[in-house]
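A short worksheet on the structure shown next.
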Amino acid sequence: MIAQFVLSALLLGILGYALIAARRTRFVSTLIGLAALAGLYFVWQPNSANELANWVGIGRGADLVLYVWVVLSMLVGLNLHLRLRTQADQTTRLARALALLEARKASGDETSADR
């Protein structure tokens, strides 16, 4: 019974985070929110996880929860990877633009000093 309360508190915290993060990443926060709600349901109705697992052809509810967790973790990892890649591309474009600007400034200073 204590584990149910602790898990519920953690899942409610995750649900709160998903609601706050909805402005930034709607897709990921929706997945996190749904996973937290499903987790809350399965914490308080553990036999439902077994029934759902048997219905989809998986032996135990714990296995089903693990498989879903792995898929969701991979989606979050993919989202992080894509965001980091976008930021790296933006940083590269900014660095190139700054280098070109500095080069133009330097060549402009040299020509004015020669005059």
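The values are calculated or read from the model by the stated rules, or taken from the named source; none is laboratory data. A quick note: this is a predicted structure, and the numbers were derived from the prediction, not measured. Cβ atoms come from the backbone with ideal geometry, glycine included; neighbour counts cover every protein chain shown.
Which of the numbered conditions does Leu98 fail, given that it passes all the others? Conditions: (1) surrounded by fewer than 10 Cβ atoms within 10 Å (Cβ to Cβ); (2) farther than 30 Å from Phe5 by Cα.
That leaves (1) as the condition not met.
Against the condition exposed (fewer than 10 other Cβ atoms within 10 Å of the Cβ), out of contact with any Lys or Arg (no Cβ under 9 Å at 6 or more places or on another chain) and of a type in the set (Phe, Trp, Tyr), how does Trp55 come out, does it pass?
Yes: the conditions hold for Trp55.
Picking from Gly77, Gly57, Gly61, which residue would you name as being under 20 Å from Ala36 (Cβ atoms) and more than 21 Å from the chain's Cα centre (by Cα)?
Going through Gly77, Gly57, Gly61 in turn, the sole match is Gly61.
Cβ-Cβ under 8 Å, sequence separation 6+ or interchain: first residue in the range 59-70 and surrounded by 12 or more Cβ atoms within 10 Å (Cβ to Cβ) and assigned to a helix (DSSP H, G or I), partner of a type in the set (D, E, K, R) and at pLDDT 90 or above. Which pairs?
Going by the 8 Å Cβ cut-off, the qualifying pairs are Gly61/Glu51.
Which ones in the range 22-55 are touching a Gly at 6+ places or on another chain (Cβ under 9 Å) and part of a helix (DSSP H, G or I)?
Passing the criteria: Ala36, Phe42, Pro46, Asn47, Ser48, Ala49, Asn50, Glu51, Leu52, Ala53, Asn54.
Within the range 33-41, is even one residue surrounded by 15 or more Cβ atoms within 10 Å (Cβ to Cβ), at pLDDT below 90, of a type in the set (A, V, I, L, M, F, W, C) and within 22 Å of the chain's Cα centre (by Cα)?
Yes - at least one qualifying residue is present in the range 33-41.
Give me the pairs, please: first residue somewhere in the range 9-26 and of a type in the set (Gly, Ala, Ser), second residue anywhere and surrounded by 15 or more Cβ atoms within 10 Å (Cβ to Cβ), beta-carbon distance under 6 Å, and either six or more positions apart or on two chains.
Every condition considered, the pairs that remain are Ala18/Ser29; Ala18/Ile32; Ala18/Gly33; Ala21/Ser29; Ala22/Ser29.
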